[in-house]
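Peer 1: Provided herewith is a single structure, encoded as structure tokens, for subsequent inquiry.
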Amino acid sequence: MDYLPIFLAIRGESCLLVGGSRAAEPKARLLLRAGARIVVVAPSLTPGLSELVGAAGVTWHRRTFRPGDLDGMKLVIVAAQDDALANSVATAARKRGIPVNAVDRRSLCSFILPSILDRSPLVAAISTGGTAPILARILRARLETIIPAQFGRLARFLGDVRPAVLRRIPDSAPRRRFFENVVDGPIGEQVLAGREDDARRDIESALDDQESADDTGEVYLVGAGPGDPDLLTFRALRLMQKADVVVYDRLVSNAVLDLARRDAERIYAGKQPGYHAIPQHEINDLLASLALAGKRVLRLKGGDPFIFGRGGEEIETLAALGIPFQVVPGITAASGCAAYAGIPLTHRDHAQSCIFVTGRRRIEEDTLDWDSLVRPNQTVVIYMGLAGLEIICGGLLRHGLAPETPAALIEQGTTAAQVVHTGTVGTLASSISGKGVRAPTLVIVGEVVRLRDKLDWYRPRRSPQSAFVSRTAGAGPEASRQR
Ligand SMILES: C[S@@+](CC[C@H](N)C(=O)[O-])C[C@H]1O[C@@H](n2cnc3c(N)ncnc32)[C@H](O)[C@@H]1O
């Protein structure tokens, strides 16, 4: 983020507007809407500005700018055509620590003005940091169509009842839930329909009900997909915005985590390969204790929670304790990586079945059914196979897979840092050595890998940074709690 979005209180404060051009008109109107007293300094004014000068709270000095005009000003907007003038006003304002915006001269600005959706007291401000104002305007237009005009009314109603709700529901988590139910439910509808009196009566009884309600929370076991946030489901996104606490894994990408509610508590429960930072039973207990404390807990897991994700174990504990939960599937790494690497997992001519296996380090000693992995016309997808890649490929060859069978290893699939290495079962392990491959990685073995030559479509930005936060190994839930 290049700019800090804030809302500035300027009601009754003096603000300086330098320039009397057409570009100054919308700025003057905006300042007036926020209750500012405007001092316009310009040798001449457009007819629109002249009209405003007649209004209360606008003073016009018919001359050019003088440094003394900055005295007592809360902020400055320069809408002058003259570059030298814009430059000198902006420089003088900055020197005196007064926020300044110069229209169409981003380098002179210490603040920029966003595109605004005004449903006062509800105001949404959208900015592209000055890079593409058209995008902000388009987005604002979309919001205009989905946010009812009466939303301001709803915001005022919520402001009115807020003191009573704060008094009756002192804890923040149940209070937030109460307000969400009001906004999303019949009470909110009544306000939008202009029936504030009915809404006020119903909110009283909702508060009475709330006091006698069971305050157990709920757990949302949500699949975060392989990394690209666009692959989240709508339901995942909705629950991510609702949760009070987010318990997340190592394989949840930064971009996905950014979509969780900003003020939710965050607890890192990830495991490093070969190093189980928090034993699984502690994670299970953590989820249960948070829910029993009345929180809405988002358990965010990479990919799909029911595919090599131990999601089943986590909700078994909840089920045993009678804690409400819901499960939201995610796109598993196999689907996501295959799609973004241009490798269909099945294909009429090459593979009629597909098998998912985990390739942990000590795979040889595991009870893997090697014979089932070397069947013809089948695609094998290996999760967690990087460390044991040599052993896995060796095992496949020893059990009869042809050494020239195509194979691919996908690093950080679906993210801007995705890299795809292709080779054969005989060459893949040696070909990636020394290439600085970054986990997570997925291996796909089978004839379908050849199709990538034709079907490769995804162009990652080749971000040099990992798409996944490298969190401190060994940090327990307490050590890694963040707000
Ligand atoms: C513990 S498993 C979890 C799988 C997850 N539940 C799923 O459905 O994708 C972790 C393994 O998934 C694979 N994986 C997850 N995300 C990946 C990604 N973005 N790119 C490549 N492999 C990924 C890697 O093999 C990683 O070691």
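Bear in mind that the values in this text are calculations on the coordinates, not laboratory data. Computed from a predicted model, the values in this text were never measured in an experiment. Heads up, the Cβs are rebuilt from the backbone with ideal geometry, glycines too, and the neighbour counts pull from every protein chain shown.
Peer 1: Could you tell me the relative contact order of the stretch 191-275? Use alpha-carbon pairs under 8 Å, at least six residues apart, and round to a whole percent.
Peer 2: 24 percent
Peer 1: What does the extension gain come out to for residue 71 and residue 195, with contour length at 0.36 nm per residue minus their alpha carbon separation?
Peer 2: 39.8 nm
Peer 1: Moving on to the next point. Per 0.36 nm of contour for each residue apart, how much would the distance between residue 208 and residue 466 grow if the chain were fully extended, relative to their Cα-Cα spacing? List each step's numbers first, then the result.
Peer 2: Numbers: separation 258, 0.36 × 258 = 92.88 nm, distance 5.00 nm.
Here the segment from residue 208 to residue 466 would lengthen by 87.9 nm.
Peer 1: What net charge is computed for the residues neighbouring residue 317, neighbours being all others with C-beta under 13 Å from the C-beta of residue 317, Lys and Arg scored +1, Asp and Glu -1?
Peer 2: -3
Peer 1: Under 8 Å for C-alpha pairs, at least 6 residues apart: give me the relative contact order for the stretch 218-331, rounded to a whole percent.
Peer 2: Here the relative contact order equals 43 percent.
Peer 1: I've got another one for you. In what sequence, highest mean first, do 115-128, 72-85 appear when ranked by Cβ atoms within 10 angstrom?
Peer 2: In decreasing order of mean packing, 115-128, 72-85 become 72-85, 115-128.
Peer 1: Still on this model: Which ³J(HN,Hα) values in Hz, rounded to whole numbers, follow from the phi angles of the stretch 16-21 under the Karplus curve 6.51 cos²θ - 1.76 cosθ + 1.60, where θ = phi - 60° and Gly and Pro get x?
Peer 2: Once θ is set to phi - 60°, the couplings for the stretch 16-21 become 9, 10, 9, x, x, 7 Hz.
Peer 1: Fewest first, what order do 109, 354 take by the number of other Cβ atoms within 10 Å?
Peer 2: 354, 109
Peer 1: Listed highest first by mean packing, meaning other Cβ atoms within 10 Å per residue, what order do 402-410, 296-304 come in?
Peer 2: 296-304, 402-410
Peer 1: Name the residue from 226, 246, 264 whose Cα lies farthest towards the positive end of the charge dipole of the stretch 184-283, charges +1 on Cβ of Lys and Arg and -1 on Cβ of Asp and Glu.
Peer 2: It is 226, whose Cα lies furthest towards the positive end.
Peer 1: So, R0 is 56 Å and r is the distance between the beta-carbons of residue 94 and residue 352; what FRET efficiency does that work out to, to 0.05? Present the calculation step by step, with values, prior to reporting the outcome.
Peer 2: Working: r = 68 Å, r/R0 = 1.22.
With R0 = 56 Å, the Cβ-Cβ based efficiency is 0.25.
Peer 1: With a ≥ b ≥ c the root eigenvalues of the C-alpha gyration tensor of the stretch 338-455, is it rounded (a/c under 1.5), prolate (a/b larger than b/c) or oblate?
Peer 2: oblate
Peer 1: Shifting gears a bit: Would you pull out the residues with amide H under 5 Å of residue 40's amide H, same chain only if 5 or more places away, H placed 1.01 Å from N?
Peer 2: Placed amide hydrogens put 17, 59, 60, 61 under 5 Å from residue 40.
Peer 1: Counting Lys +1, Arg +1, Asp -1, Glu -1, what net charge surrounds residue 350 among other residues with beta carbon under 11 Å of its beta carbon?
Peer 2: Within the 11 Å Cβ shell, the charges total 0.
Peer 1: Taking the Cα atoms only, what angle lies between the long axis of helix 311-321 and the longest principal axis of the chain, rounded to 10 degrees?
Peer 2: For 311-321 against the chain, the angle is about 80 degrees.
Peer 1: Could I ask something else about it? State the extension gain, in nm to one decimal, for the chain segment bounded by residue 112 and residue 141, taking 0.36 nm per residue of separation less the distance between their alpha-carbons.
Peer 2: Full extension of this stretch gives 8.5 nm more.
Peer 1: In the stretch 1-100, which chymotrypsin sites (Phe, Trp or Tyr not before Pro) fall in coil by DSSP and have 11 or fewer other Cβ atoms within 10 Å? Before the final figure, lay out the partial values.
Peer 2: Numbers: sites: 3, 7, 60, 65; in loops: 3, 7, 65.
Here the chymotrypsin sites (Phe, Trp or Tyr not before Pro) that fit, given the DSSP loop and packing criteria, are 7.
Peer 1: Efficiency by 1/(1 + (r/R0)^6): what FRET value for residue 30 and residue 450, r their Cβ-Cβ distance, R0 = 56 Å, to the nearest 0.05? Show your work: numbers first, answer last.
Peer 2: Values: r = 59 Å, r/R0 = 1.06.
Working from the Cβ atoms, E equals 0.40.
Peer 1: Another question, then. Please work out whether the stretch 218-331 counts as rounded, prolate or oblate from its C-alpha gyration tensor, where a ≥ b ≥ c are the square roots of the eigenvalues and a/c under 1.5 means rounded, while otherwise a/b larger than b/c means prolate and anything else oblate?
Peer 2: rounded
Peer 1: If the only charges are +1 at each Lys and Arg Cβ and -1 at each Asp and Glu Cβ, what is the size of the charge dipole of the stretch 151-212 around the Cα centre, to the nearest 20 debye?
Peer 2: 320 debye
Peer 1: May I pose another question? Can you put 27, 454, 295, 242 in order of Cβ neighbours within 10 angstrom, beginning with the fewest?
Peer 2: Ranked by crowding around the Cβ, least crowded first: 454, 242, 27, 295.
Peer 1: Assign one of three labels to the stretch 105-145, namely rounded, prolate or oblate, based on the Cα gyration tensor with a ≥ b ≥ c the square roots of its eigenvalues; rounded applies when a/c is under 1.5, prolate when it is not and a/b is larger than b/c, and oblate otherwise. Walk me through the numbers on the way to the answer.
Peer 2: Values: a/c = 4.24, a/b = 1.61, b/c = 2.63.
It is oblate, given that a/c is not under 1.5 and a/b is not larger than b/c.
Peer 1: Helix 280-292 against the longest principal axis of the chain: what's the angle in degrees, Cα atoms only, rounded to the nearest 10?
Peer 2: Rounded to the nearest ten degrees, it is 40.
Peer 1: Would you calculate a helix-derived [θ] at 222 nm for the chain, using -39,500 (n - 2.57) for each DSSP H run of n ≥ 4 and dividing by the full residue count, to the nearest 500? All intermediate terms of the calculation are to be shown ahead of the outcome.
Peer 2: Values: 17 runs with 168 residues, N = 483.
Computed mean residue ellipticity for the chain: -10000 deg cm²/dmol.
Peer 1: Restricting to Cα pairs below 8 Å that are 6+ residues apart, what does the relative contact order work out to for the chain? Please round to a whole percent. It would help to have the intermediate numbers written out before the result.
Peer 2: Details: 876 pairs, mean separation 51.5, N = 483.
In percent, rounded to a whole number, it is 11.
Peer 1: What number comes out for the charge environment of residue 140, summing +1 per Lys or Arg and -1 per Asp or Glu over other residues with Cβ under 14 Å away?
Peer 2: Net local charge, residue 140 excluded: +1.
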